[in-house]
Amino acid sequence: MSRAYFRCAQAGVLWLMGIGLWILRQSHQTYDRVKGQTPIRHCRNQIGADRYHEGVTLQFSIYLSMLYADPKLFENNAGWPASPAKYDPAVGEHSVDVLLEQAELAEDLGFDMVSVSEHHSWPINQAANPSVLAAAICQRVKKLRIALMGPLAAINNPVRIAEEVAMLDAISKGRISLMPLRGTPNEFVSYGINPDETRDRTREAQALIERALNEPEPFSWEGRYYRFPTVAIWPGQSQKPIPIWSSGNSEGSVVYAARHKYRLGISYYPLQMAAELTELYRAEAKKAGWEPTPHDILYRSYVACADTDEAARELEKRYYGNLGLAASMMGRASAAMNSMELTKITAENAAAAAEIGTDADGKNMSKDAESKFALGDLHFKGSPVTMIDQFTEWYETTGIGVFDCGFSGGGLTTEEANSALKLFGTEVMPALKHLGAEKIAEEIR
């Protein structure tokens, strides 16, 4: 063989050795398993990274669920999953138009943020990929923050989530917020994920997403559920860091968020339960050496706003049609989990069953039913005057500073939803912006 051949071969060997040394160096940055868990390394403190519009007190977000815009579908549909045979392309396309128009309307009315979420096989929320929806919203609103609340971390690739979030932050010029969520039992079944693993899957995914968005150099990840030899996110995001929220619908989740200095997102619980969770959050944050502000706590709920209390109660009666959202979803999923033999009780989820707040495995359902959790009873309903009183009581009792409000229920027409949104934006929000002024002024000082 020629000398030239051997020189080429030698160069190839040296190149491979260089790659090997680089991989070895990266391996020292991996997250090793510790007692089956993946420890979390925070690149920067999430709290205080962003205040939306500094100096403003209460903040309001509109929750856009990409509702299928035909109330007739919800009159007789009593369960999950909904049959795709009932889908009308014209209605589906109109549903997207309605959502984007509501985002524009919310910006005109002075909302601070718009949020989107991920669900599957469900006409109440057709957003199977919230990143796609957020990208469309980015092109229609120029001031609103856009929150992914959120991608379902337990059933998706966390590195892909981080990449999509970074792209969205570039598209929106730094207006993205993120709350990775665990999902609901029906989605675990659909995607073949063991429900007993979803809590730890979500937490490991959240840690990986956060590091991927903040780590300046390529790294590798070796965890309990996820293994990636190389993680390097392009494009880099505009914000440093992107604000991250953490779900707080159970005591365990609240403690986790506080200890890791995440913002907290609570959804659908009545006042007293929300107050207990926010009190726990502040107590645990104090133990961890920091103090949350009102803007670090978000509450999501549907809203029925009308000219009179009586008219609002009529809206509430038709809000979800006959879908029976929470009960049908949980009931169908529980039956499926039993058939898949995925309902083994562990020490951890047995303890979770004793908490307030629904765990995503559905084991806390009885307590939620007693408290009128979520989707059977609206906690904000009435005339503008009544709603001003309701939100004032909520703020004074819980100290929550960001309210994420949904206005589109399956049993309502687009006109009814938009009318409620306009009334809320013109008569309720302006009367509430002053709440907490002393607290916020103190923060700014």
Condition met for Ser238 (under 17 Å from Glu164 (Cβ atoms) and of a type in the set (S, T, N, Q)):
yes
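Let's see how each residue does on (1) farther than 19 Å from Ala207 by Cβ; (2) out of contact with any Gly (no Cβ under 7 Å at 6 or more places or on another chain):
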position	(1), (2)
Ser247	no, no
Gly252	no, yes
Val255	no, yes
Arg259	no, yes
Tyr268	yes, yes
Ala274	yes, yes
Leu280	yes, yes
Extreme residue, modelled with the lowest pLDDT, among residues of segment 225-280 that are out of contact with any strand residue (DSSP E or B) (no Cβ under 7 Å at 6 or more places or on another chain) and of a type in the set (Lys, Arg)
Lys240
Quick one: what pairs do we get from segment 95-124, first residue at pLDDT below 95, second among the basic types (Lys, Arg), C-beta under 8 Å, 6+ apart or different chains?
Pro123/Lys86
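Here is a yes/no grid of residues against (1) over 25 Å from His295 (Cβ atoms); (2) of a type in the set (D, E, K, R):
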| residue | (1), (2) |
| --- | --- |
| Glu107 | no, yes |
| Gly110 | no, no |
| Met113 | no, no |
| Ser121 | yes, no |
| Ile124 | yes, no |
| Val132 | yes, no |
Selection from segment 224-262 of residues of a type in the set (A, V, I, L, M), over 17 Å from the mean Cα position of the chain (by Cα) and buried (at least 16 other Cβ atoms within 10 Å of the Cβ) yields Val231, Ile233, Val255
Residue among Glu187, Glu163 that alone is of a type in the set (D, E, K, R) and either at pLDDT below 95 or in contact with an Asp or Glu (Cβ under 6 Å, 6 or more places away or on another chain) (or both):
Glu187
So which residues in segment 288-318 are touching a residue at least 24 places away in the same chain (Cβ under 8 Å), closer than 22 Å to Ser250 by Cα and of a type in the set (D, E, K, R), if there are any at all?
Asp296, Arg300
Before we move on, is Ala275 loosely packed, with under 15 Cβ neighbours inside 10 Å, farther than 25 Å from Ser65 by Cα and not polar (S, T, N, Q)?
no
Of the residues in segment 60-87, those that are exposed (fewer than 13 other Cβ atoms within 10 Å of the Cβ) and either in a strand (DSSP E or B) or of a type in the set (D, E, K, R) (or both) number 1
With Leu378, Leu342, Leu421 as the choices, which residue is under 20 Å from Ile124 (Cα atoms), surrounded by 17 or more Cβ atoms within 10 Å (Cβ to Cβ), at pLDDT below 95 and hydrophobic (A, V, I, L, M, F, W, C)?
Leu378
Quick one: which residue in Glu415, Glu427, Glu438 is at pLDDT 95 or above and more than 30 Å from Pro123 (Cα to Cα)?
Glu427
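The values are calculated or read from the model by the stated rules, or taken from the named source; none is laboratory data. What you are looking at is a predicted structure, and each value in this text was computed from that prediction instead of being measured. A quick note on method: Cβ atoms are made from the backbone with ideal geometry, for glycine too, and the neighbour counts reach across all protein chains shown.
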